[in-house]
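Structure record follows, encoded as structure tokens.
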Amino acid sequence: LQYQAKVLGNLGTLYLDSDRVTDALDCFLKDIERSQLIGDIVSQAKTLNNLAIAYRRLGKPEQALNCYQNCIAIQNELGNTSDLISTWLNMANLYRIENNYSAMRDVLERALAASESLNDLEKIAQIKEMLQQNTQEGSQ
């Protein structure tokens, strides 16, 4: 099952990169089912993040947000700050698309604090730029 889950996840990513989003979604759903059966929570978090991206691309923001929230819960449990930051950035992008600038700012501020704790200068610069864009977009 672990091998199947990995293959499905990789195939889903290829489909996502090829704009075959429905096929990607199908692979990710099968991937997460297998990952849950074997208790691989690291793979579950990665797949939830990918599922969220697929749902976002399909215009299903509620499902995407649910996947991001479940992913964040797992990443918090694992203490994986770097992956957590990436998920927050993806979530911020969803909020931007949905014109929810307040929620976007909240998520970006969490990502900034976490990036500062890791002294990740590249992420800090990226997040500060996103916060600046948020301020401009939110005031229009």
- Query: How far is helix 121-138 tilted off the main Cα axis of the chain, in degrees rounded to 10, range 0 to 90?
  - Reply: 70
- Query: How would you classify region 1-73 from its alpha-carbon gyration tensor, with a ≥ b ≥ c the square roots of the eigenvalues: rounded for a/c under 1.5, else prolate if a/b is greater than b/c, otherwise oblate?
  - Reply: oblate
- Task: Over the chain, calculate the relative contact order: mean separation of alpha carbon pairs under 8 Å at least 6 apart, over the residue count, as a percent.
- Result: 15
- Query: Does anyone have the angle between helix 2-17 and the longest principal axis of the chain? Alpha-carbon axes, 0 to 90°, nearest 10?
  - Reply: 50
- How far is the Cα center of region 68-140 from the Cα center of region 20-51, in Å? 22
- Portion, in percent, of the accessible area of the chain that falls on carbon or sulfur, probe 1.4 Å: 46
- Message: List the trypsin sites (Lys or Arg not before Pro) within region 1-77 that DSSP assigns to loop and that have no more than 16 neighbouring Cβ atoms inside 10 Å.
- Response: R20
- Rounded to whole Å², per residue accessible area for the chain with a 1.4 Å probe reads 56
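The values are calculated or read from the model by the stated rules, or taken from the named source; none is laboratory data. These numbers come from a predicted model, not from an experiment. Cβ coordinates were reconstructed from backbone atoms using ideal geometry, including for glycine residues, and neighbour counts include every protein chain displayed. To get the accessible areas, we keep the full protein, side chains included, count just its heavy atoms, and leave off ligands, DNA and RNA. Shrake-Rupley method; radii C 1.70, N 1.55, O 1.52, S 1.80 Å.
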